[in-house]
Amino acid sequence: MPSPDDLAALAAERAAADREYNEALTRVDRAIQRPPDDFPRPPPGPDEHQITPLNTLWKVESPPPGGGARARVAAAIRRAVAPLFDQQRAFNSAVVDHLNRNLPVARETRESIASTLTVLRDTIAELVRFQSVLIGLLQQITPYVDTRDRDVAGLLRGLSGAINAVADESMKRSEALIARERRHEMQLGDLEARISQLQRQLAEVQQALAKSISK
């Protein structure tokens, strides 16, 4: 049977374990993630305000030819600057084509960022919910263990009571057997005393008979 010192040491060890567990649970609770208040938003969509005008105005047209001396001078000038106009039209065409090609890419990039941020926000929310559920589970461990301890203690008390009852019954039966043996011993002693008395009386009778016969 444990001594009082052993029981005190076990109680102190249990109290220290409970204290360390509660402190660890507090640290886990404080470490739960929280969704940021300033969660990033997707970037704005591409600016398409000037796309239609650019697709309309990119081609530089020369004025129609006229008549007279001025027309001849203008025609000469147009022939002189025609390579510049062609180069400008080619540049404008390349710029407009580049913008038109990159516009769908910008749209898809913005949509991809928006969907990624949505998935990230939902994932963080699920992670926070999981951590909260985990904390709730950890908080139930101590009551659960205490309940099991009480169940075991109850079983032990019941087993101890049953053992004590069996021991009491065995003790009663032992005492009854001992008392019965003592009664048997007393009866046997009385019987032996009576037999000895009868033997003495028989010996006396035999002696009296022998005396009477000898006379």
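Points worth noting:
- Rounded FRET efficiency, nearest 0.05, which uses the C-beta distance separating LEU120 from ALA94 and R0 of 45 Å: 0.75
- Calculated from backbone phi, Karplus (6.51, -1.76, 1.60) coupling profile of region 167-180 in Hz, x at Gly/Pro: 5, 5, 5, 5, 5, 4, 5, 5, 5, 5, 5, 5, 5, 5
- Separation in nanometres of the label points that stand 7 Å from Cα toward Cβ, at LEU137 and ALA17: 2.1
- Across region 34-48, coupling constants 3J(HN,Hα) worked out from phi with the 6.51/-1.76/1.60 Karplus curve, θ = phi - 60°, read 10, x, x, 5, 9, 4, x, 9, x, x, x, x, x, 7, 9 Hz, and Gly and Pro carry x.
- Evaluating 6.51 cos²θ - 1.76 cosθ + 1.60 at θ = phi - 60° for every residue in region 203-209, the Karplus couplings come out as 5, 5, 5, 4, 5, 5, 5 Hz, glycine and proline recorded as x.
Any read-out appearing in this document is the output of simple, stated calculations on the displayed coordinates, not a laboratory observation. Just so it is clear, the structure is predicted and the values come from calculations on it, not from any experiment. For neighbour counting, all protein chains shown are included, and Cβ atoms are generated from backbone atoms with ideal geometry for every residue, glycine included.
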